[in-house]
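I have placed the structure first, in the form of structure tokens, so that the comments after it can refer back to it.
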Amino acid sequence: MQIQFVNKQRKYPTEQARALVEAILSELETQVTFCRQMEKKGTTCALAVTFASQTQIRRINAETRGIDQVTDVLSFPMLELGDGKLRAPLQASDLDRSSGQPVVFLGDILICLEKAELQAHELGHRFEREIAFLAAHGFLHLLGYDHDTPAREKNMLRQQRAALLKLGLNRDTATRDVQGDLS
């Protein structure tokens, strides 16, 4: 999987956050069928992850969802997927062939590290776990997973938890100096 990172905030260094995002998305990639199916066809999945400031994510949340408040993560899928399956066949325009191997762009994930830090404190777990959770949550939304019904929410949460546990990022991990975790 190809991940393009963009840093639009200045409060936190992003090297460790990038590594966490790469690790959780790599783990999820092994769980979801869509990316595995694409790989079998010789197509690489790609996405963009932006670390946004509170001001930026609030503005984007207001513009795109009509909710004028800071949020933790936003996802903007490029394909019509439902629970990891295509709802309509891929079109030639869905693939980028400029590098030789076809690439399908899944979409964009925006993560507000400042909001993630606040939530980690509120929930009593590590900043790293919150970043990985938000990345997993955003990625699953790109693949058409949702929490709009109890059954779909259960499925989405199960996948997130499994990936987090594989990386040792369960909720029982002791809280540390949260901002210091990414220094």
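All of the numbers you see were taken from the coordinates with simple rules; none came from a lab. What you see is a predicted model; the values in this text were computed from it and never measured. Positions of Cβ are backbone-derived with ideal geometry, glycine not excepted, and every protein chain shown enters the neighbour counts.
Here is the link list: Lys115/Lys166; Lys85/Lys166; Lys41/Lys85; Lys11/Lys166. Which ones come out longer than 18 Å on Cα distance? Show your work: numbers first, answer last.
Numbers: Lys115/Lys166 24 Å; Lys85/Lys166 24 Å; Lys41/Lys85 15 Å; Lys11/Lys166 29 Å.
Too far apart for the 18 Å limit: Lys115/Lys166; Lys85/Lys166; Lys11/Lys166.
So for the pair Asp146, Lys40, with labels modelled 7 Å out along Cα→Cβ, what separation do we get in nm?
Here the modelled spin labels are 2.7 nm apart.
Give me Rg over Rh for the chain, both radii from the alpha carbons and Rh done the Kirkwood way, two decimal places.
Numbers: Rg = 16.2 Å, Rh = 16.9 Å.
Ratio of gyration radius to Kirkwood radius for the chain: 0.96.
Given a Förster radius of 35 Å and the C-beta distance between Thr55 and Glu153 as r, what FRET efficiency does 1/(1 + (r/R0)^6) yield to the nearest 0.05? It would help to have the intermediate numbers written out before the result.
Details: r = 30 Å, r/R0 = 0.86.
In this case the efficiency is close to 0.70.
Counting only the backbone N, which residues of the range 14-32 are under 20 Å from the spot 7 Å out from the Cα of Gln101 toward its beta-carbon?
Residues 22-32 fall inside that zone.
Out of all DSSP beta bridges with both ends in the chain, state the antiparallel percent to the nearest 5.
Working: 9 of 25 bridges.
In the chain, DSSP labels about 35 percent of beta bridges as antiparallel.
Report the trypsin sites (Lys or Arg not before Pro) located in the range 27-60 that are in a DSSP loop and have at most 12 other Cβ atoms inside 10 Å of their Cβ, or state none.
Passing sites in the range 27-60 are Lys41.
So, in Å, what gap is there between the alpha-carbon centers of the range 117-165 and the range 61-85?
Cα centroid to Cα centroid, the span is 14 Å.
With the dipole of the range 66-131 worked out from charges on the C-beta (+1 for Lys and Arg, -1 for Asp and Glu) around the Cα centre, which of Ile67, Cys112, Gly100 lies farthest toward the positive end?
Gly100
When the helix-only estimate is applied to the chain (DSSP H runs of n ≥ 4, each -39,500 (n - 2.57), divided by the residue count), what is the mean residue ellipticity at 222 nm, nearest 500 deg cm²/dmol? Can you show the working numbers first?
On the way: 6 runs with 81 residues, N = 183.
Mean residue ellipticity at 222 nm (helix-derived): -14000 deg cm²/dmol.
Residue separation times 0.36 nm, minus the C-alpha to C-alpha distance between Gln16 and Gln2: what's the value? Walk me through the numbers on the way to the answer.
Details: separation 14, 0.36 × 14 = 5.04 nm, distance 1.75 nm.
Separation in residues times 0.36 nm, less the Cα-Cα distance, equals 3.3 nm.
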